[in-house]
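Participant: Structure incoming, see below.
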Amino acid sequence: MKSNVIGRIVPVILTIVCAAAIFMFSMQNGADSSELSTDFLNKILGLVNRIYSEAEFSPGEIRHMRYLIRKAAHIFIYFILGIFSCWSAWAIFQKRYILISLVFCFLYGCVDEFHQMFSDGREAAFKDVLIDTAGAFIGIVYMTLMILCVRNIRKNAENQLTNNG
């Protein structure tokens, strides 16, 4: 009984922590958010220059890379949210957990974009909600596959115990 309660609380806590991290990133003003992306890009370009010292990028290419990094960050953090929310929904509801977690992630993406409107130098974009939802969907598919694998392993173990017992 105690492990069942813990099995339901842990994924909910992880979902809340991930949602809080998203909220904190959305609170950053435009300059801080841009600086974070630029610093990350500079580290990547530093690695590229170590491997291929003749690499040169135009300002337009760098702008495009920064844009891709920002969108990849959306996908990644919502991928994680998708995993945790799917795990939470499965632990609590057992049925319709895929739909519940997808709707949750979509709505959280909407709230996140709305929240960004109140941060200096930031704006809301429905395109980002769709990118967020796509990342969450990938995480939900990943977690669903993990859930199905665990179910299959447990079922096979139970069958072996029944057949051997």
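Participant: Looking only at residues in region 4-46 that are more than 18 Å from the chain's Cα centre (by Cα) and within 14 Å of W90 (Cα to Cα), which one is surrounded by the most Cβ atoms within 10 Å (Cβ to Cβ)?
Facilitator: Checked region 4-46; the qualifying residue surrounded by the most Cβ atoms within 10 Å (Cβ to Cβ) is R8.
Participant: With a cut-off of at least 2 residues that are basic (K, R), name the helices (runs of 4 or more DSSP H) lying wholly within region 52-165.
Facilitator: The helices (runs of 4 or more DSSP H) meeting that bar are 59-93, 126-164.
Participant: Restricting to region 5-30, and then to whatever is hydrophobic (A, V, I, L, M, F, W, C) and at pLDDT below 90, can you tell me which residue is farthest from I69 (Cα to Cα)?
Facilitator: Across region 5-30, the extreme among qualifying residues is V5.
Participant: Tell me which of these T15 doesn't satisfy, since it passes every other one: (1) outside any helix (DSSP H, G or I); (2) touching a residue at least 40 places away in the same chain (Cβ under 8 Å); (3) of a type in the set (S, T, Y).
Facilitator: Only one criterion is unmet by T15, namely (1).
Yes/no matrix, rows are residues, columns are (1) in contact with a helix residue (DSSP H, G or I) (Cβ under 8 Å, 6 or more places away or on another chain); (2) closer than 30 Å to E35 by Cα:
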position: R122; (1), (2): yes, yes
position: A125; (1), (2): yes, yes
position: T133; (1), (2): yes, yes
position: G139; (1), (2): yes, yes
position: T144; (1), (2): yes, no
position: N152; (1), (2): no, no
position: N159; (1), (2): no, no
position: T162; (1), (2): no, no
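Participant: When region 99-121 is examined, which residues are found to be among the charged types (D, E, K, R) and either modelled with pLDDT of 95 or more or surrounded by 15 or more Cβ atoms within 10 Å (Cβ to Cβ) (or both)?
Facilitator: D112, E113
The values are calculated or read from the model by the stated rules, or taken from the named source; none is laboratory data. Keep in mind that this is a model prediction, so the values were computed, not measured. Heads up, the Cβs are rebuilt from the backbone with ideal geometry, glycines too, and the neighbour counts pull from every protein chain shown.
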